[in-house]
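Here is the structure we will look at, set down as structure tokens.
The values are calculated or read from the model by the stated rules, or taken from the named source; none is laboratory data. Everything numeric here is computed off the predicted structure, so don't read it as measured data. Here the Cβ is made from the backbone with ideal geometry for all residues, glycine too, and neighbour counts use every protein chain on show. Remember, those area values only see protein heavy atoms, side chains included, never the ligands or the DNA or RNA. Shrake-Rupley method; radii C 1.70, N 1.55, O 1.52, S 1.80 Å.
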Amino acid sequence: MTDSYRLGELAERVGGQVVGDADVVISGVGALPSAVPGQLTHLSNPAYRQELPNTKASAVILQDRDLALCPTNAIVVADPYFAFALASRLWELPPRLHAGIHPSARIDASAVIDPTARIGPGAAIGSETTVAGNVAIHANAVVGDRCRLDEGVRIMANATLYDDVKIGARSVVHANAVLGADGFGFARSSDGALAPIAQIGGVTLGRDVSIGASTTVDRGAIEDTLIEDGVKIDNQVQIGHNCRIGAHSVICGCVGIVGSTEIGRGCVLAGMVGVGGDRPIRICDGVTVSGCTHVSRSIAEPGTYSGGVLHNAATAWKRNALRFQNLDELARRAAKLDRRVTELEKSPQ
């Protein structure tokens, strides 16, 4: 990996236009207020525009509208955040494994392992599992029976893939994530006892999917739980059995999604969103749900939806909470007064 790049090279990589010295050497990235000479930074959020005139970075990725405030070299692009994301990967240092299979790994004789795969210490791979080229399975990760890991998949340390998990090319499963555990399915008998419903489906991930640390994706009851191409899932997310997450959607931290939910393409569920109601939820393409919102019924129109209670000073919040308990009575009184006003307006003067 090259540690330094000419600014002109970086501009070509991110599809931008250099304003200034295209030959200046960039050896790393930094934040706008704290970057030093030799580093590349970016201005993506107008809230940080005040930091731009004082930056010490050797170059800034920005939009043309901010160029006049820039005291140094610039790469002008339409979307600075996306361009910076592309550039930042040049200095990424992902955990690496030695080539081949570590002597302490345990691999079933029926598993098919590409010679270019890298299997770390203590890893375990089950029967009839296929591991494609350039796959990396890190220390103590477990891959069950009948799994399939396509080209370039990365399974990080201590992640667990139960049986029948299929993962598309270049996807990553971060540490302590669990894919394919039983869905939460039980039937209650007449005497109140709970009998588990067999969960005989699997989990299928598309290409370029990211599963965050300690996230769980349950296996399907009959058909697979499906995460489509390009989906990015944050840490500590729970996805129930038979869910379907549409391509390029983003699921942020601590989201909980009840089984059989269908989420469309290009959706965003912000932190601590809960999805679940009396019947399966369907969320259409292009929906954003604000943090801490509870989605209890389907959403059929694209847009942004919110349902959380905004914070307030504790004393004021407590007073309003007490008033909320009387909301139904207040609504009935308001309706009664409205009917009375209507009657008075219609009566002869």
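Can you name every residue in the stretch 205-225 that is buried (at least 23 other Cβ atoms within 10 Å of the Cβ), β-branched (Val, Ile, Thr) and part of a strand (DSSP E or B)? Result: Ile211, Val217, Thr225. Does Ile75 count as touching a residue at least 40 places away in the same chain (Cβ under 8 Å), assigned to a strand (DSSP E or B), farther than 30 Å from Ala117 by Cβ and more than 26 Å from the chain's Cα centre (by Cα)? Here the answer is yes, as Ile75 does meet what is asked. Checking Asp145, Asp182 one by one, the residue that is acidic (Asp, Glu) and within 26 Å of the chain's Cα centre (by Cα) is Asp182 and no other. The residues of the stretch 305-337 that are open to solvent by 100 Å² or more (accessible area, probe 1.4 Å) and either polar (S, T, N, Q) or more than 22 Å from Gly256 (Cβ to Cβ) (or both), listed by number, are Trp317, Lys318, Arg319, Leu322, Arg323, Phe324, Gln325, Arg332, Arg333, Lys336, Leu337. Elements of the type strands (runs of 3 or more DSSP E) sitting completely within the stretch 81-196 and holding at least 1 residues that are loosely packed, with under 15 Cβ neighbours inside 10 Å: these cover 186-188, 194-196.
Take the stretch 27-50 and flag every residue that is in a helix (DSSP H, G or I) and either more than 20 Å from Phe82 (Cα to Cα) or touching an Asp or Glu at 6+ places or on another chain (Cβ under 8 Å) (or both). Can you show your working first?
Looking only at the stretch 27-50, we keep the residues that are in a helix (DSSP H, G or I), and these are 46-50.
Residues satisfying the conditions are Arg49, Gln50.
Checking the structure you have, find out if any residue of the stretch 98-108 is in contact (Cβ under 8 Å) with a residue 24 or more places away in the chain, under 27 Å from Asp3 (Cβ atoms) and aliphatic (A, V, I, L, M). No, the stretch 98-108 has no match at all.
Can you name every residue in the stretch 10-27 that is surrounded by fewer than 16 Cβ atoms within 10 Å (Cβ to Cβ) and under 20 Å from Glu92 (Cβ atoms)? Within the stretch 10-27, Glu12, Arg13, Gly15, Val25, Ser27 qualify.
Is the stretch 297-318 home to any residue that is among the charged types (D, E, K, R), over 30 Å from Asn242 (Cβ atoms) and free of Cβ contacts under 8 Å to residues at least 60 places away in the same chain?
So in the stretch 297-318, the residues among the charged types (D, E, K, R) come out as 297, 301, 318.
Subsequent filtering for residues that are over 30 Å from Asn242 (Cβ atoms) retains 318.
When the remaining residues are screened for being free of Cβ contacts under 8 Å to residues at least 60 places away in the same chain, the result is 318.
Taking every residue of the stretch 297-318 in turn, at least one turns out to be among the charged types (D, E, K, R), over 30 Å from Asn242 (Cβ atoms) and free of Cβ contacts under 8 Å to residues at least 60 places away in the same chain.
Looking only at the stretch 28-50, residues that are surrounded by fewer than 16 Cβ atoms within 10 Å (Cβ to Cβ), under 20 Å from Glu92 (Cα atoms) and under 25 Å from the mean Cα position of the chain (by Cα) come to 1 in all. Each residue in the stretch 298-322 was checked for being under 16 Å from Val255 (Cα atoms) and not hydroxyl-bearing (Ser, Thr, Tyr), and 2 pass. Each residue in the stretch 161-186 was checked for being of a type in the set (S, T, N, Q) and under 20 Å from Asp114 (Cα atoms), and 1 of them qualify.
Does Pro53 qualify as being farther than 30 Å from Pro95 by Cβ and part of a loop (DSSP other than H, G, I, E, B)? Spelling it out, it is not the case that Pro53 is farther than 30 Å from Pro95 by Cβ and part of a loop (DSSP other than H, G, I, E, B).
The residue that is modelled with the lowest pLDDT, counting only those in the stretch 181-208 that are in contact with a Leu (Cβ under 6 Å, 6 or more places away or on another chain) and under 20 Å from Gln238 (Cα atoms), is Phe186. Reported count of residues in the stretch 226-251, each being part of a loop (DSSP other than H, G, I, E, B) and within 17 Å of Ile299 (Cβ to Cβ), is 3. Restricting attention to the stretch 70-80, the residues that are open to solvent by 30 Å² or more (accessible area, probe 1.4 Å) and among the small types (Gly, Ala, Ser) add up to 1. The residues in the stretch 261-291 that are open to solvent by less than 40 Å² (accessible area, probe 1.4 Å) and not in a loop (DSSP other than H, G, I, E, B) can be counted, and the count is 7.
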